[in-house]
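Please read the structure below before turning to the comments.
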Amino acid sequence: QVQLVESGGGLVQAGGSLRLSCAASGCTFNTYTMGWFRQAPGKERDFVAVSGSGMHIRYSDSVKGRFTITRDNAKNTMYLQMNSLRPEDATNYYCTAAKAYTIVATGYGNWGEGTQVTVSS
């Protein structure tokens, strides 16, 4: 059973930065595709970034150039460095893991409980 725990959310001013972390257990981390999604209450869970097991990285257009996804396979941890944050980035962020590469939320069966990001203007 894959276990995922996010951390690093909080309150930041517009233009500021946060780094989210996702600690994984119960899987051979380096063989998994790892991703970040975000979801506001009552809204769909939207793709943010993904890092494949072969380190193929892709970002949503809305965060490209501002967010950076990285992973440390030795620590079984994935990160999302978020710079130049905007009020529209404020929502709940979730990490996820899958054996197959995908940017679709329904392609993932393993999720953390989420961490909240608040951006003040």
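Could you tell me which trypsin sites (Lys or Arg not before Pro) in the stretch 1-45 are loop residues by DSSP with no more than 10 other beta carbons within 10 angstrom of their beta carbon?
Qualifying residues, ordered by number: K43.
Ignoring any ligand, DNA or RNA, what whole percent of the accessible area of the chain comes from carbon and sulfur when the probe is 1.4 angstrom?
After summing per-atom areas, the C and S share lands at 45 percent.
In sequence order, what are the phi-derived ³J(HN,Hα) couplings for the stretch 107-121 according to the Karplus relation 6.51 cos²θ - 1.76 cosθ + 1.60 with θ = phi - 60°, rounded to whole Hz, with x for glycine and proline?
With coefficients 6.51, -1.76 and 1.60, one gets x, 10, x, 10, 9, x, 7, x, 9, 8, 10, 10, 10, 9, 9 Hz.
Residues of the chain: accessible area per residue at 1.4 Å, in Å²?
51 Å²
Read phi for every residue in the stretch 67-72 and hand back ³J(HN,Hα) as whole Hz from Karplus 6.51 cos²θ - 1.76 cosθ + 1.60, θ = phi - 60°, with x for Gly and Pro.
After applying 6.51 cos²θ - 1.76 cosθ + 1.60, I find 10, 9, 9, 9, 9, 10 Hz.
The values are calculated or read from the model by the stated rules, or taken from the named source; none is laboratory data. It should be emphasised that the depicted structure is a prediction, and the values quoted were computed from it without experimental measurement. Here Cβ is always computed from backbone atoms with ideal geometry, including for glycine, and neighbour counts include all displayed protein chains. Accessible surface areas use protein heavy atoms only, side chains included; no ligands, DNA or RNA. Shrake-Rupley method; radii C 1.70, N 1.55, O 1.52, S 1.80 Å.
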